[in-house]
2 protein chains.
Amino acid sequence: MNLVPSERPWQDIYQILIDTVLPRPIAWVSTLGLDGERNLAPFSFFMPVTARPMTLAFAPMRRGHTPEVKKDTLRNIEASGEFVVNVVTRRHADAAHHSAHRLPIDADEFERAGVSAAPSIDVAPPRVAESPVSFECVAHRIVDLGDEAGSGHLVIGRVVRVHLADELLDDRGRVVRGRLEPVGLVGADDYLGLDGLFELVRHD
Amino acid sequence: MNLVPSERPWQDIYQILIDTVLPRPIAWVSTLGLDGERNLAPFSFFMPVTARPMTLAFAPMRRGHTPEVKKDTLRNIEASGEFVVNVVTRRHADAAHHSAHRLPIDADEFERAGVSAAPSIDVAPPRVAESPVSFECVAHRIVDLGDEAGSGHLVIGRVVRVHLADELLDDRGRVVRGRLEPVGLVGADDYLGLDGLFELVRHD
């Protein structure tokens with residue numbers, strides 16, 4: 001079968017995207033609000049872009065029609081130009097999954113997720129101490145895709161500092177995949193790790 | 001450990017990106033050259049962006065310094081504004097893997113990959129008949145990240161037509177993950193499917 005996306009409800013199109021483009025790596029993005037509150041949210045519309053400059057992209061989607069749905073993460077990046085991408089791996093997938101819940105903007109999301117904040121070196125937002133890979137980023141380009149429900153932005157970040165946990169690395173300084181234990185998202189609560197599928201429960 | 005990307009060779013930075021951002025879904029992108037030659041190449045820097053408009057992004061990277069390294073795919077999209085993203089799944093991962101080789105620009109890459117071309121409806125480049133999910137796209141935005149080795153472009157495509165193989169769908173028209181059999185890239189020759197890791201051999 002075939003269909004024209006603009007003729008369908010955006011929710012159906014969103015469903016097709018998340019049902020067919022997978023497995024997706026997960027960026028756990030930390031930002032600071034204007035009042036210093038710490039925001040932490042996972043995004044699975046995420047990819048590497050270039051090595052020089054080192055860039056990454058992720059897409060915070062707008063889900064509804066009300067002003068509040070402009071994601072805190074995006075608002076903070078627009079205001080400060082800074083964020084940290086912490087790569088979600090098996091060992092803290094559960095905490096990241098939990099932090100996908102919407103919270104009031106003034107909640108401390110590190111605390112809520114049960115993770116610690118480690119200071120960054122070149123940007124103000126802290127990184128997730130438990131994450132073995134973190135990329136300190138400055139916003140390089142923010143592409144606005146529209147303001148309808150189902151639309152959003154694509155954020156391209158230039159990585160100014162890379163953090164790699166020492167225990168990931170072999171003698172030559174190369175990341176060992178089995179030590180990283182990567183996970184990808186393949187459903188609302190379903191993940192794919194090196195050993196296959198597993199499910200995480202949202203605890204409210 | 002931590003490092004500043006601009007102080008390292010781009011090859012080392014590329015290695016960090018592909019070793020830490022994973023598993024990555026794979027876009028097999030078909031385009032037409034000015035002379036009508038059919039190009040088909042896989043890209044694992046790939047993600048969904050928004051549902052309305054329905055958009056996807058992928059990043060063709062520039063690897064070397066010579067003019068030829070501007071990928072045929074990018075050159076064709078810049079010239080025509082049209083491309084098809086065919087999602088790589090388990091059943092044709094081997095063919096996609098094989099098509100990652102550089103070919104002279106006038107080679108017919110459908111033939112080389114051993115797949116058939118099916119006509120698209122709204123764009124000129126054909127889709128891969130064997131792929132159960134194809135997105136006909138028009139270029140929405142092409143972001144130039146620089147012209148050094150290790151740099152490249154981020155291509156945002158607006159999806160004008162979605163093709164879904166009937167056998168993927170359940171009674172309600174929803175994609176069944178076990179029928180799709182998604183695969184992600186986790187190494188140069190290593191893939192992650194729903195059953196775990198597998199390796200594909202490049203046959204020259």
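Computed from the coordinates by the stated procedures, all read-outs in this text should not be read as laboratory data. The structure presented is a predicted model; accordingly, all values stated were derived computationally and were not measured. Virtual Cβ from ideal backbone geometry, glycine too; neighbours counted across all protein chains shown.
Overview of results
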{"read-out": "Point-charge dipole on Cβ atoms (K/R +1, D/E -1) for the protein assembly as shown, about Cα centre, debye to 20", "value": "340"}
{"read-out": "Candidates B:50, B:73, B:31: whichever shows maximal mean-square fluctuation once chain B is modelled as a Gaussian network with Cα springs under 10 Å", "value": "B:50"}
{"read-out": "Average beta-carbon neighbours from other chains, 10 Å sphere, peptide B:130-137", "value": "2"}
{"read-out": "Debye intensity ratio in log₁₀ form over the Cα atoms of the range A:1-53, taken at each q of 0.12, 0.20 Å⁻¹", "value": "-0.50, -0.88"}
{"read-out": "7 Å along Cα→Cβ, label-point gaps from residue B:1 to other copies, nm, shortest first", "value": "5.2"}
{"read-out": "Among B:118-127, B:13-22, A:10-19, the order from most to least packed when residues are scored by Cβ within 10 Å on average", "value": "B:13-22, A:10-19, B:118-127"}
{"read-out": "Number of partner chain Cβ atoms within 10 Å, mean per residue of A:159-172", "value": "3"}
{"read-out": "Across the identical copies, how the residue B:12 labels are spaced - nm, sorted shortest first, 7 Å along Cα→Cβ", "value": "5.2"}
{"read-out": "Residue mean of other protein chain beta carbons inside 10 Å, B:144-157", "value": "4"}
{"read-out": "Computed helical MRE - 222 nm, the protein assembly as shown, DSSP H runs ≥ 4 contributing -39500 (n - 2.57), nearest 500", "value": "-4500 deg cm²/dmol"}
{"read-out": "10 Å binning of all Cα-Cα separations within the protein assembly as shown, expressed as whole percents from 0 upward", "value": "5, 24, 35, 26, 9, 1"}
{"read-out": "Hydrodynamic radius by Kirkwood, which averages 1/r over all alpha carbon pairs of the range B:24-199, in angstrom", "value": "16.4"}
{"read-out": "Formal net charge of residues neighbouring residue A:191 (Cβ-Cβ distance under 14 Å; K, R +1; D, E -1)", "value": "-1"}
{"read-out": "Square roots of five times the Cα gyration tensor eigenvalues for the range A:77-179, Å", "value": "26, 18, 14"}
